[in-house]
Amino acid sequence: MDWKSGTQLPIWLLQLLDELPMIYSCCIFVYCMFESFKAKNTVNYHLIFILMLFSLIVTTVYLKVKEPVFHQVMYGLLVFTLVLRSIYIVTWVYPWLRGLGYTSLGIFLMGFFLWNVDNIFCESLRSFRTKVPPFVGVFTQLHAWWHILTGLGSYLHILFSLYTRTLYLRYRPKVKFLFGIWPVILVEPPKKHL
């Protein structure tokens, strides 16, 4: 309900609270990946300006056109930028990070793919779920899988970014697994040269 008039808020307005932060957080990812090979305590104001301008333009256009495909294309553009930068890093800079880099990208892109399938076939999937047992229908909740997979892929990509940055700064990062399954980064200080 709109707190002023007592009327219900339009669904698209509530959807903005989900979709626009995807753009903003992905811009932060892009900044981190492009700044991972810079000296400590430096700020790339030019890149910040470009990403903030991009976010402002996407927000303004999306508020005007209210077209989900526009959001999906703009988000896809940011993800594509991250994919290219990550591939560059694991191909030319730190090839031993391919496992972590490609795993994070693969999981994230699988979620991104399922999200798009869900957007295209939403009505058909809903109809299908009414005809199958609930335990089968769970696996066709592609929007839920999108959240799970992109959340996990994003987490792994943060680890990849942290590993890349700390390695560049000559720290000694190591991937460890909590309870044998959940990856974390432990960072040891640089070795002191005597």
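The values are calculated or read from the model by the stated rules, or taken from the named source; none is laboratory data. Quick caveat: nothing in here was measured; it's all calculated off a predicted structure. All Cβ positions, even for glycine, are placed from backbone atoms using ideal geometry, and neighbour counts span all protein chains on display. Only protein heavy atoms, including side chains, enter the accessible area calculation; ligands, DNA and RNA are left aside. Shrake-Rupley method; radii C 1.70, N 1.55, O 1.52, S 1.80 Å.
Given the options 162, 186, name the one that is outside any strand (DSSP E or B) and not small (Gly, Ala, Ser).
None of the other options fit; the residue is 162.
So which residues in region 8-65 are part of a helix (DSSP H, G or I), among the acidic types (Asp, Glu) and out of contact with any His (no Cβ under 9 Å at 6 or more places or on another chain)?
Within region 8-65, just 18 meets the criteria.
Condition check ((1) within 29 Å of residue 20 (Cβ to Cβ); (2) more than 22 Å from the chain's Cα centre (by Cα); (3) not assigned by the TED database to the domain that holds residue 55) across all residues:
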position	(1), (2), (3)
74	yes, no, no
78	yes, no, no
84	yes, no, no
89	yes, no, no
105	yes, no, yes
108	yes, no, yes
127	no, yes, yes
131	no, yes, yes
137	no, yes, yes
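Out of all the residues in region 62-73, which are of a type outside the set (Asp, Glu), farther than 20 Å from residue 28 by Cβ and surrounded by 12 or more Cβ atoms within 10 Å (Cβ to Cβ)?
Residues satisfying the conditions are 63, 66, 68, 70.
For the structure I just gave you, tell me whether residue 171 is open to solvent by 50 Å² or more (accessible area, probe 1.4 Å) and touching an Asp or Glu at 6+ places or on another chain (Cβ under 7 Å).
So residue 171 fits the description; yes.
For region 82-90, indicate whether the set of residues that are part of a helix (DSSP H, G or I) and exposed (fewer than 13 other Cβ atoms within 10 Å of the Cβ) is non-empty.
Yes, that holds for at least one residue.
What are the residue pairs meeting all of these: first residue in region 116-144, first residue of a type in the set (S, T, N, Q), second residue open to solvent by less than 60 Å² (accessible area, probe 1.4 Å) and part of a loop (DSSP other than H, G, I, E, B), Cβ atoms under 8 Å, and 6 or more apart or on different chains?
Close Cβ pairs (under 8 Å, with a partner that is open to solvent by less than 60 Å² (accessible area, probe 1.4 Å) and part of a loop (DSSP other than H, G, I, E, B)) amount to 140/132.
Residues in region 100-107: is at least one surrounded by fewer than 16 Cβ atoms within 10 Å (Cβ to Cβ) and without any contact (Cβ under 8 Å) to a residue 12 or more places away in the chain?
no
Which residue, of 51, 56, 16, is at pLDDT 95 or above, open to solvent by less than 60 Å² (accessible area, probe 1.4 Å) and over 19 Å from residue 106 (Cα atoms)?
51
Out of the residues in region 19-48 meeting the condition of being of a type in the set (D, E, K, R) and either without any contact (Cβ under 8 Å) to a residue 60 or more places away in the chain or closer than 17 Å to residue 158 by Cα (or both), tell me which one is surrounded by the fewest Cβ atoms within 10 Å (Cβ to Cβ).
Restricting to residues being of a type in the set (D, E, K, R) and either without any contact (Cβ under 8 Å) to a residue 60 or more places away in the chain or closer than 17 Å to residue 158 by Cα (or both), the top hit is 38.
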